[in-house]
Structures are given as C-alpha cells and as structure tokens.
1. Can you pull out the residues in segment 6-25 that are among the polar types (S, T, N, Q) and either under 21 Å from GLU39 (Cα atoms) or buried (at least 16 other Cβ atoms within 10 Å of the Cβ) (or both)?
2. Would you tally the residues in segment 5-31 being in contact (Cβ under 8 Å) with a residue 24 or more places away in the chain, within 20 Å of the chain's Cα centre (by Cα) and not in a loop (DSSP other than H, G, I, E, B)?
3. Just one of (1) in contact (Cβ under 8 Å) with a residue 60 or more places away in the chain; (2) under 16 Å from GLN120 (Cβ atoms); (3) buried (at least 16 other Cβ atoms within 10 Å of the Cβ) trips up THR49, so point out which.
4. If LYS43 satisfies every condition in (1) assigned to a loop (DSSP other than H, G, I, E, B); (2) exposed (fewer than 14 other Cβ atoms within 10 Å of the Cβ); (3) out of contact with any strand residue (DSSP E or B) (no Cβ under 7 Å at 6 or more places or on another chain); (4) not hydrophobic (A, V, I, L, M, F, W, C) but one, which is the exception?
5. Can you name every residue in segment 88-136 that is assigned to a helix (DSSP H, G or I), more than 22 Å from ARG36 (Cα to Cα), in contact with a strand residue (DSSP E or B) (Cβ under 9 Å, 6 or more places away or on another chain) and aliphatic (A, V, I, L, M)?
6. Any residue at all in segment 67-87 that's surrounded by 14 or more Cβ atoms within 10 Å (Cβ to Cβ), among the aliphatic types (A, V, I, L, M) and either more than 19 Å from the chain's Cα centre (by Cα) or not in a helix (DSSP H, G or I) (or both)?
Amino acid sequence: MTAKTYTVRESEIERRWYVVDATDETLGRLASRIARVLEGKNKPMYSPTLDSGDHVVVVNAGKIAVTSDKRETKLYMRHSGYPHGLKAESLGHLLDRRPEEVIRRAVKGMLPHNRLGAQQLTKLKIYAGPEHPHQAQRPEPLA
C-alpha cells in the first residue's frame, strides 16, 4: 500500500489577519517576514500553486529603519517609456513622500513574479501612521 499525498484545496484554506508595527524594524527583514506570511509558508498546509497566505496590515510605515547610508545611496528607478524618461528617486526621498510604497516594493520583490504573486500582494495593507480601518477583522500581532 502506498501513502497518499495530501493536497490542500481552495475551500479548505483559512485566512487570518495579522498586524505588524514597522517602528524601528529593518526594511529587508520586515519585508521577508511579511512575504512569508502572504505566501502561506508559515502554515503546514502550504501549496506553491495556491494562494494559501494570510492578510497582513502594516502600521507606522513611516518609522521604518534602514541600515548604513541607504537613505541616500539606494535608488528606485522608473521609466516613462519616452526618450530620456528615466526617473530616479532616493530611498530617503521616497520615505518622506510615500512611506507605504517603500515597504510595498520590498515585499513585492520577495513574492513570485507571476499572477499568484500579484494576488498575494493584494492581501497586504500598509499605513503610514498608527491607525488602520481593519479593526473588524480582529488582526493579531505577527510574532
């Protein structure tokens, strides 16, 4: 007799809500913890082909910590598609302007680069301040 391999179904997935306070957290380490929960790798029923992850709410994104001199040297690039359309923005400037975008980009880079990763990224909610509108979901602190 051979053992059967258990495969999780979409209907069996339970989604939980977690809240993370980003105050004085290192950007990359926080992003990897969040990406792991969004993918569902913290659960025993992980499946790489299904979105089995949980929802994550990040508060105080403006108080994130970065090491060394990354505020000035790390650049975020984007291109408009037109000639001379390359724009560069430093991490420090982007943190002042849109701190939520810094965490979103860091987490997005750690998720799969396909439709599944895009679906997992929709479960990430980021807020610059300490308030968030997800109290009804009763999020618990992420360990």
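Each reported figure results from applying straightforward, stated rules to the coordinates on display, with no laboratory input. On a predicted model such as this, the values are computed, not experimentally measured, just so you know. Here the Cβ is made from the backbone with ideal geometry for all residues, glycine too, and neighbour counts use every protein chain on show.
1. Residues of segment 6-25 among the polar types (S, T, N, Q): 7, 11, 23.
Of everything in segment 6-25, those that are among the polar types (S, T, N, Q) and either under 21 Å from GLU39 (Cα atoms) or buried (at least 16 other Cβ atoms within 10 Å of the Cβ) (or both) turn out to be THR7, SER11.
2. The number of residues fulfilling the criteria is 10.
3. Only one criterion is unmet by THR49, namely (3).
4. Among (1) assigned to a loop (DSSP other than H, G, I, E, B); (2) exposed (fewer than 14 other Cβ atoms within 10 Å of the Cβ); (3) out of contact with any strand residue (DSSP E or B) (no Cβ under 7 Å at 6 or more places or on another chain); (4) not hydrophobic (A, V, I, L, M, F, W, C), LYS43 violates only (2).
5. Correct list: LEU91, LEU94.
6. No, because not a single residue in segment 67-87 is surrounded by 14 or more Cβ atoms within 10 Å (Cβ to Cβ), among the aliphatic types (A, V, I, L, M) and either more than 19 Å from the chain's Cα centre (by Cα) or not in a helix (DSSP H, G or I) (or both).
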